[in-house]
Amino acid sequence: MGIRILTALLGIPLLIFVILSGGLILKIALCVFVLIGMYEFYKAMDNKFNPIKPLGYIFALFYILFISSGQQFAFPFMILFLIILLLATVFLHKKYKVVDVAITFFGFFYVCVLFSHIVQINQLLHGELFIWLIFISAWGSDTAAYFTGMFLGRHKLCPSLSPKKTIEGAIGGFIGSVLLSLVYGIIIQSGLNVSMNHLLLICIVVGGLGSIASQLGDLAASSIKRYVEIKDYGYLFPGHGGVLDRFDSILFTAPLVYYILLLFNFIIG
């Protein structure tokens, strides 16, 4: 527990600096995390598959630096990537099979594309404020679920994937995420004197759905790790594991927050 807290105390100020800086600094930091995350994923797959790692890394870098800011090119870019991967099964057919292409593309999408929504949220109107809801809803849910489960947990949530998670913890995580997101909305509405339509409603919806997405993202990562028979993806963060161990919930929460914001903007402006 002590090393986990120390790692968090050292990492949170760095996260705050990167998010507040935005722009190129955010993209560069995201590139680093994406490359490490993809390395962890591909390494985990090595025992069963042969992912085409260099292509995955190259296309991920290009996607974060250039495509994530202009989503009109995202789909054509992914088609191009998939075609090039398939060509590898033609010209390097003795080394790579179609399943290796599938794993390579999945790793790119799972880590790079889902992570890239952090950049996209930052570019929305008031995105520099809403971006924090990703981490508040995900890690707030995780923390609330942990302590609720510790004191009140009785019924297992999904023992085959995560033996320590409980239904009571999941409910506590949901409630904690909603409350923390609501408090954050009140702070930016009153403390920062920010005026926008339905701000508190947005925070409540993001908090609730973000908690669900966060917990599902965690279970999805656990499912992958069980399939390849590993405990952690990596060891970058002492006490927390690798990038994918610490940010598995963020991978699900970031796209959700982005599309909730787009939906609210489309429906009620």
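The values are calculated or read from the model by the stated rules, or taken from the named source; none is laboratory data. Treat the numbers as computed from the prediction; the structure is a model and nothing was measured. Note that we place each Cβ from the backbone using ideal geometry, even for glycine, and neighbour counts take in every protein chain shown.
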- prompt: Any idea how many residues of the range 218-261 are in contact (Cβ under 8 Å) with a residue 40 or more places away in the chain and either among the aliphatic types (A, V, I, L, M) or under 18 Å from Ser116 (Cβ atoms) (or both)?
  reply: 20
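Of the residues Leu179, Leu114, Leu161, Leu192, which single one is outside the structural domain of Phe33 (by TED's automatic domain parsing), of a type outside the set (Gly, Ala, Ser) and modelled with pLDDT of 95 or more?
Numbers: Leu114 fails: outside the structural domain of Phe33 (by TED's automatic domain parsing); Leu161 fails: modelled with pLDDT of 95 or more; Leu192 fails: modelled with pLDDT of 95 or more.
So the residue among Leu179, Leu114, Leu161, Leu192 that is outside the structural domain of Phe33 (by TED's automatic domain parsing), of a type outside the set (Gly, Ala, Ser) and modelled with pLDDT of 95 or more is Leu179.
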message: Suppose we keep only residues that are touching a helix residue (DSSP H, G or I) at 6+ places or on another chain (Cβ under 8 Å) and aromatic (Phe, Trp, Tyr) within the range 248-269. Which one would you say is surrounded by the fewest Cβ atoms within 10 Å (Cβ to Cβ)?
response: Phe264
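Go over the candidates Ser181, Ser141 one by one and state the one that is over 22 Å from Phe264 (Cα atoms) and touching a residue at least 40 places away in the same chain (Cβ under 8 Å).
Details: Ser181 fails: over 22 Å from Phe264 (Cα atoms).
Unique residue meeting the criteria: Ser141.
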- request: Kindly provide the set of residues from the range 40-68 that are touching a residue at least 40 places away in the same chain (Cβ under 8 Å), of a type in the set (Ser, Thr, Tyr) and assigned to a helix (DSSP H, G or I), ordered by number.
  value: Tyr42, Tyr63
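It is to be established whether one or more residues within the range 69-76 are buried (at least 16 other Cβ atoms within 10 Å of the Cβ) and on the phi < 0 side of the Ramachandran plot.
Pass one, the range 69-76, residues buried (at least 16 other Cβ atoms within 10 Å of the Cβ): none.
No: zero hits.
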- prompt: In the range 72-100, what residues are without any contact (Cβ under 8 Å) to a residue 12 or more places away in the chain and basic (Lys, Arg)?
  reply: Lys94
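With touching a Lys or Arg at 6+ places or on another chain (Cβ under 9 Å) and at pLDDT 95 or above as the only criterion, which of Met45, Met38, Met78 stands out? Lay out the reasoning, then the answer.
On the way: Met45 fails: touching a Lys or Arg at 6+ places or on another chain (Cβ under 9 Å); Met78 fails: touching a Lys or Arg at 6+ places or on another chain (Cβ under 9 Å).
Only one candidate passes the filter, namely Met38.
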